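Visitor: Attaching a single structure in structure tokens format; questions to follow.
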Amino acid sequence: MAELTARMSQVITDFTGVETNITAVYKSATDDSYGSFLFGIEFSKSFEYDVSFSSSISLGDFSSISVVESSLAIGGSFLLSNEFGVILGPDDTEGLKCVSEISEDNCASANQNVDFDIILFRDDNPPVAYNISITSCAEDVAARVEIIKNGVNAAIGEGQEEVTVSLVGTSTLVLAFNPYWSKAQIYVLEENIYGLTNDTQKKSGFHIANGATALEVGLELSGEATVSANVLDTIEVAANIDASMSGYLRFNSGTGGQLVPLDTWFSKVKSMLNASADFHDPDFATCTLSVDGDFQTSVEAKQPLEIAL
């Protein structure tokens, strides 16, 4: 595998002109974790340019401004590295969801009674089944969601965490199941005003994940110039200007060699500035921006006085 990734790295480097390094590692399963394929890719590029120029501008017939000598140096670097992979097992943080659209029909014109079963599975353990019977109706969509929620709580137990019932948007009924369950089924006897239908959701045997990510961008600027102003070929003033600026941006997230489910990774990055967010982890990601600069100048009157200021 190392030979294959080395060849892939060289092909991409030759094609893009950007130094590229690709790695791949297989980690076997243990008692505490699933097996996984971990891939890494890194791009890096440095650049440096030097520019020099001179020019003059006439301001009417009696005066002029000239750039006698100037130079500008621009340099920088860019590095992006990322680990990603496939975890050969279900996502233990993923909760299955069954979704339906609540009917807009009024209670008198549609079947307001519904009897349905929720059947939950966990690996090879015996399934757990709950029967929910609804015999009431409400014209308001939000009230219909509350009726389903109360029916589920009555069947499973008040304060239960197995199933969460919620309204998304204006008419979408969502039954979200605890991540503990690897498979969920809803079995409905007949059409109903709540839009519930037979449904089966099952966790995949693998999931995409992300590891450590690093982004580094650096930039350096430095330049100097001598500017001369002349009036009537009698008075001449020269200014020497020297300036430099440098800065960098660094972003790091995750831990090297440790894969995190992709949804969790994005949630943690989005929550890095919000300490009250559910996925906030102060140690997961850092971002640093630094800018430094220096500016110096000197002015000299050359004609008719030799005085340096």
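Visitor: I'm trying to understand the selection: among the residues of region 144-174, which are part of a loop (DSSP other than H, G, I, E, B) and either aliphatic (A, V, I, L, M) or out of contact with any strand residue (DSSP E or B) (no Cβ under 8 Å at 6 or more places or on another chain) (or both)?
Guide: Just the residues of region 144-174 that are part of a loop (DSSP other than H, G, I, E, B), to begin with: 157-162, 169-171.
Once the filter is applied, which keeps residues that are part of a loop (DSSP other than H, G, I, E, B) and either aliphatic (A, V, I, L, M) or out of contact with any strand residue (DSSP E or B) (no Cβ under 8 Å at 6 or more places or on another chain) (or both), region 144-174 yields Gly157, Glu158, Gly159, Gln160, Glu161, Gly169, Thr170.
Visitor: Tell me, yes or no, whether region 193-206 has at least one residue that is hydrophobic (A, V, I, L, M, F, W, C), surrounded by fewer than 15 Cβ atoms within 10 Å (Cβ to Cβ) and closer than 24 Å to Ala138 by Cβ.
Guide: We begin by selecting, within region 193-206, every residue hydrophobic (A, V, I, L, M, F, W, C); these are 193, 196, 206.
From what's left, surrounded by fewer than 15 Cβ atoms within 10 Å (Cβ to Cβ): none.
No, the conditions are met nowhere in region 193-206.
Visitor: If you don't mind, there's one more thing I want to ask. Scan Gly293, Gly257 and give me the residue that is modelled with pLDDT of 85 or more and either more than 25 Å from Glu42 (Cα to Cα) or out of contact with any helix residue (DSSP H, G or I) (no Cβ under 9 Å at 6 or more places or on another chain) (or both).
Guide: Details: Gly293 fails: modelled with pLDDT of 85 or more.
None of the others qualify; the one that does is Gly257.
Visitor: Right, another one. Cβ-Cβ below 8 Å, separation at least six or inter-chain, first residue in region 123-143 and within 14 Å of Ser171 (Cβ to Cβ), second among the polar types (S, T, N, Q) and assigned to a loop (DSSP other than H, G, I, E, B): which pairs?
Guide: From residues that are within 14 Å of Ser171 (Cβ to Cβ), the pairs are Glu139/Asn106; Val141/Thr170; Val141/Ser171.
Visitor: Moving on. I need the strands (runs of 3 or more DSSP E) fully contained in region 1-67, keeping only those with at least 2 residues that are of a type outside the set (Gly, Ala, Ser), modelled with pLDDT of 85 or more and surrounded by 15 or more Cβ atoms within 10 Å (Cβ to Cβ).
Guide: Values: elements: 19-27, 36-52, 55-59.
Where strands (runs of 3 or more DSSP E) fall fully within region 1-67 and carry at least 2 residues being of a type outside the set (Gly, Ala, Ser), modelled with pLDDT of 85 or more and surrounded by 15 or more Cβ atoms within 10 Å (Cβ to Cβ), they are 19-27, 36-52.
For every residue, the table says whether it meets (1) open to solvent by less than 30 Å² (accessible area, probe 1.4 Å); (2) not in a strand (DSSP E or B).
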{"site": "Cys107", "(1), (2)": "yes, yes"}
{"site": "Phe116", "(1), (2)": "yes, no"}
{"site": "Asn125", "(1), (2)": "no, yes"}
{"site": "Tyr130", "(1), (2)": "no, no"}
{"site": "Glu139", "(1), (2)": "no, yes"}
{"site": "Ala142", "(1), (2)": "no, yes"}
{"site": "Ala176", "(1), (2)": "yes, no"}
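Visitor: Follow-up. Just to be sure I understand, how many residues within region 82-105 are of a type outside the set (S, T, N, Q), at pLDDT below 90 and open to solvent by 50 Å² or more (accessible area, probe 1.4 Å)?
Guide: Result for region 82-105: 4.
Visitor: Could you give me the residue pairs with C-beta distances under 8 Å whose first residue belongs to region 207-219 and is under 19 Å from Ile22 (Cβ atoms), whose second residue is outside any strand (DSSP E or B) and of a type in the set (A, V, I, L, M, F, W, C) wherever it lies, and which are 6+ apart or on separate chains?
Guide: Ile208/Leu262; Ala209/Leu259; Ala209/Leu262; Ala209/Trp265; Asn210/Leu259; Asn210/Leu262; Asn210/Trp265; Gly211/Leu259
Visitor: Could you list all residues from region 104-122 that are of a type in the set (Gly, Ala, Ser) and touching a residue at least 24 places away in the same chain (Cβ under 8 Å)? Write out each step before concluding.
Guide: Here is the first cut: in region 104-122, the residues of a type in the set (Gly, Ala, Ser) are 108-110.
Matches in region 104-122: Ala110 only.
Visitor: Could you tell me whether any residue of region 196-212 is among the aliphatic types (A, V, I, L, M) and under 30 Å from Ser290 (Cα atoms)? Break it down stepwise before answering.
Guide: Residues of region 196-212 among the aliphatic types (A, V, I, L, M): 196, 208-209, 212.
Keeping just the survivors that are under 30 Å from Ser290 (Cα atoms) gives 212.
Taking every residue of region 196-212 in turn, at least one turns out to be among the aliphatic types (A, V, I, L, M) and under 30 Å from Ser290 (Cα atoms).
Visitor: Which pairs turn up if I take residues in region 17-40 that are under 12 Å from Ile87 (Cβ atoms) and look for partners that are open to solvent by less than 70 Å² (accessible area, probe 1.4 Å) and polar (S, T, N, Q) with beta carbon separation below 6 Å, at least 6 apart in sequence or on another chain?
Guide: Close Cβ pairs (under 6 Å, with a partner that is open to solvent by less than 70 Å² (accessible area, probe 1.4 Å) and polar (S, T, N, Q)) amount to Lys27/Ser36.
Visitor: If you don't mind, there's one more thing I want to ask. Looking only at region 156-172, count how many residues are farther than 20 Å from Glu94 by Cβ and crowded, with 17+ Cβ neighbours inside 10 Å.
Guide: Step one: list which residues in region 156-172 are farther than 20 Å from Glu94 by Cβ, which gives 156-159, 167, 169-171.
Subsequent filtering for residues that are crowded, with 17+ Cβ neighbours inside 10 Å retains 156, 167.
Selection size over region 156-172: 2.
Visitor: Tell me, yes or no, whether region 207-218 has at least one residue that is at pLDDT 90 or above, of a type in the set (A, V, I, L, M, F, W, C), open to solvent by 70 Å² or more (accessible area, probe 1.4 Å) and outside any helix (DSSP H, G or I).
Guide: yes
The values are calculated or read from the model by the stated rules, or taken from the named source; none is laboratory data. All values derive from a computational prediction rather than experimental measurement. No Cβ is skipped: glycine too gets one built from the backbone with ideal geometry, and neighbour counts run over all protein chains shown. Side chains are part of the model used for accessible areas, which takes the heavy atoms of the whole protein and leaves out ligands, DNA and RNA. Shrake-Rupley method; radii C 1.70, N 1.55, O 1.52, S 1.80 Å.
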